[in-house]
Amino acid sequence: MSASAASLGLKVLRQQRRDATAALRVLRDAFENPPEGSTRAADLSWCESQPFRDRSWLKETLEVAGFLTSSLCLSADEHLEAIECLRDRPMTPHADLTLVRSVMEAALSIIWLCCPGGGVESRLCRSAAMFFESNAGQLTLLEATPGQEENLRRVTEVVVEYETKLHEHGFTVRRNKRGYVESVSYGQGTAPIRRNITSLAEDAFGEYAFIYGLTSGATHSRIWLTQGLEGTRIDLDRAAIAPLLDFSDAVIDSLGAYLSVNVDNWLRATHTRRVALLPRDPAVPSVDFDTYRGRRRAGGSVIKSATPLGLGASFGGMFSQSGLHEYRWAATGVPTTDERP
């Protein structure tokens, strides 16, 4: 494999991180100062039309979505940094795909949180549910960890206080038979405390939602994945990085729609990298950006139309019909670094 081929994945990833960071800064500014006519501006206007006692709380709940999105972006970027660090290391497909899965989960959570469809009451519920889960989710861990009594008491107080505030301002918090909070509702909106990532992947990526199941195989050390891996460095780069381009598109496109920010220039640059990264395959011809964008947004749906063209081809070099990989095994039965292809 040529040096240029070896460095292609790293170059694409670095360029994408740079451009995505620039796009997110613009989108953050638009979140803080929403353009007139945007869904975000309409959400804030709607809050102002509600009873005086609820206005500030409702607006703060929408603001929490910005904080949560920033936290998810931070997590995703740290995982991307790790993927970048692995590009000049011996091939580590399990680690790469595990990191990809984490980025995918963050991306899908952002899309769910700020989805421009569904109405303001749904977005309020999603923001409240995710904030509630981010605090209540600590309780089980703190209960099981010795010496955490004070932190457990503090977090419990926060959770109880937040639930009380939700009730005071017209939200309904539903619990299951075991007493655990299950969902948050307000008006016509409702949101689960625990998001079904598999369903979100199907909504966002359609027939390519299999990526989540595939990367889960790496996260959970499934033998079927380990025994099915084969290919070259560029195959691994395509398998790990091509999906990241599509996650980036989905997040930026969704936020752009919510904030009425034209993101076509960023999406166009991403598509150029996608075409350069994916293999030249007559069976999966590349398409120009306008065609790609039209297919993404077919039917006027930004989220469901985020189906990446040719993404399946990025996994083409990873699996063989026999299902056996090309690793040479050491005497201990564990593949050592210098024995990997």
Filtering the range 147-182 for residues that are assigned to a loop (DSSP other than H, G, I, E, B) and out of contact with any helix residue (DSSP H, G or I) (no Cβ under 8 Å at 6 or more places or on another chain) leaves a count of 6
When the range 210-239 is examined, which residues are found to be under 14 Å from the mean Cα position of the chain (by Cα) and of a type in the set (A, V, I, L, M, F, W, C)? Ile211
If you check every pair at least six apart or on different chains, which have Cβ atoms under 6 Å apart with a residue in the range 97-116 that is modelled with pLDDT under 95 first and a residue that is assigned to a helix (DSSP H, G or I) and among the basic types (Lys, Arg) second? Leu113/Arg126
Checking Met91 against (1) assigned to a helix (DSSP H, G or I); (2) touching a Ser or Thr at 6+ places or on another chain (Cβ under 9 Å); (3) buried (at least 16 other Cβ atoms within 10 Å of the Cβ), the condition it does not meet: (1)
Is it the case that Ala257 is of a type outside the set (Asp, Glu) and touching a helix residue (DSSP H, G or I) at 6+ places or on another chain (Cβ under 6 Å)? no
(1) surrounded by fewer than 16 Cβ atoms within 10 Å (Cβ to Cβ); (2) in a strand (DSSP E or B) all hold for Ala191 apart from (1)
Does any residue in the range 180-196 that is farther than 13 Å from Met130 by Cβ and of a type in the set (D, E, K, R) come within less than 9 Å, Cβ to Cβ, of a residue that is modelled with pLDDT under 90 and crowded, with 17+ Cβ neighbours inside 10 Å six or more places away or on a different chain, and which pairs are these? none
From the option list Leu259, Leu236, Leu244, Leu255, single residue qualifying as within 17 Å of Thr98 (Cβ to Cβ), modelled with pLDDT of 90 or more and buried (at least 17 other Cβ atoms within 10 Å of the Cβ) is Leu244
Can you tell me which of Glu163, Glu149, Glu105 is exposed (fewer than 15 other Cβ atoms within 10 Å of the Cβ) and farther than 13 Å from Gly189 by Cβ? Glu149
Which pairs turn up if I take residues in the range 201-230 that are closer than 30 Å to Gly117 by Cβ and look for partners that are part of a loop (DSSP other than H, G, I, E, B) and of a type in the set (S, T, N, Q) with beta carbon separation below 7 Å, at least 6 apart in sequence or on another chain? Phe205/Thr307; Gly206/Thr307; Glu207/Thr307; Tyr208/Thr307
Need the failing condition index for Val64 against (1) of a type in the set (A, V, I, L, M); (2) in contact with a Leu (Cβ under 7 Å, 6 or more places away or on another chain); (3) in contact (Cβ under 8 Å) with a residue 40 or more places away in the chain, just the number. (2)
Which listed residue, of Leu8, Leu58, Leu62, Leu27, is surrounded by 14 or more Cβ atoms within 10 Å (Cβ to Cβ), within 20 Å of Val103 (Cα to Cα) and either among the hydrophobic types (A, V, I, L, M, F, W, C) or touching a Lys or Arg at 6+ places or on another chain (Cβ under 8 Å) (or both): Leu27
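The values are calculated or read from the model by the stated rules, or taken from the named source; none is laboratory data. Since this is a predicted model, take the numbers as computed values, not measurements. Note: ideal-geometry Cβ built from the backbone for every residue, glycine included; neighbour counts use all protein chains shown.
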